[in-house]
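Accompanying notes for the structure given below.
The values are calculated or read from the model by the stated rules, or taken from the named source; none is laboratory data. This structure is a prediction, so every number in the text was calculated from the model and none was measured. Cβ placement follows ideal geometry from the backbone for every residue including glycine, while neighbour counts extend to all protein chains displayed.
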Amino acid sequence: MTLNELSQLYYLNREIELDQQRLQELEGQCSPGSPVLDGMPRSPGMNRSKVERLAAEIVDLQAIIAAKQIQCIHERQRLERYISTIPDSLTRMVFTLRFINGLPWMQVAAHIGGNNTEDSVKKTCYRYLDREADSRPDDGGERAWAQ
């Protein structure tokens, strides 16, 4: 598995956060306003009020968020299955804290303790990915974490 594949859960969670912020903004705008009474004729599709347009957009965004949350569950399960195959306990802990919990390297080191530093846990991760990439015949040993 590559670093990009491992990072998908993190980015999916950030997407959901952004969508939820947008949803709150839309819900805040959803207050009825004064009707426009200019006397001009309107086409049938133009009679929708601001609230109706916002309500439709809110429903669409809620459906998008729900789909991403389901995708997030599947991605987390995929990562957990992969991490469970790592033979070394420390490496499994590093991968879990970093890629499932989404912690920055400094916090990963702090959670693990034992005089581990940000650099040491990062190297543990990258060395494992390099060893795994070297053992795969399909990519010619290309670095799994290079982007």
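Filter segment 60-91 down to residues that are among the polar types (S, T, N, Q) and part of a helix (DSSP H, G or I) and give me whichever is nearest to residue 130 (Cα to Cα). Write out each step before concluding.
First pass over segment 60-91, keeping only residues among the polar types (S, T, N, Q): 62, 69, 71, 77, 84-85, 89, 91.
Then drop every residue that is not part of a helix (DSSP H, G or I), which leaves 62, 69, 71, 77, 84, 89, 91.
Values: 62: 40, 69: 31, 71: 28, 77: 23, 84: 18, 89: 18, 91: 13 Å.
Here the residue is 91.
Taking the condition of being outside any loop (DSSP other than H, G, I, E, B) and either closer than 15 Å to residue 91 by Cα or at pLDDT 95 or above (or both), how many residues in segment 104-147 meet it?
Of segment 104-147, the ones outside any loop (DSSP other than H, G, I, E, B) are 105-112, 118-135.
Checking the rest, the ones that are also either closer than 15 Å to residue 91 by Cα or at pLDDT 95 or above (or both) come to 105-112, 118-132.
Selection size over segment 104-147: 23.
Please tell me if residue 98 is at pLDDT 95 or above, closer than 29 Å to residue 131 by Cβ and not assigned by TED's automatic domain parsing to the domain that holds residue 14.
Details: at pLDDT 95 or above: yes; closer than 29 Å to residue 131 by Cβ: yes; not assigned by TED's automatic domain parsing to the domain that holds residue 14: yes.
So residue 98 fits the description; yes.
Name the residue that is surrounded by the most Cβ atoms within 10 Å (Cβ to Cβ), counting only residues in segment 27-59 that are of a type in the set (A, V, I, L, M) and either in a loop (DSSP other than H, G, I, E, B) or at pLDDT 90 or above (or both). Even if it seems obvious, please write down each step before you answer.
Looking only at segment 27-59, we keep the residues that are of a type in the set (A, V, I, L, M), and these are 36-37, 40, 46, 51, 54-56, 58-59.
So of that shortlist, the ones also either in a loop (DSSP other than H, G, I, E, B) or at pLDDT 90 or above (or both) come out as 36-37, 40, 58-59.
On the way: 36: 10, 37: 6, 40: 7, 58: 16, 59: 10.
Of everything passing the filter in segment 27-59, 58 is surrounded by the most Cβ atoms within 10 Å (Cβ to Cβ).
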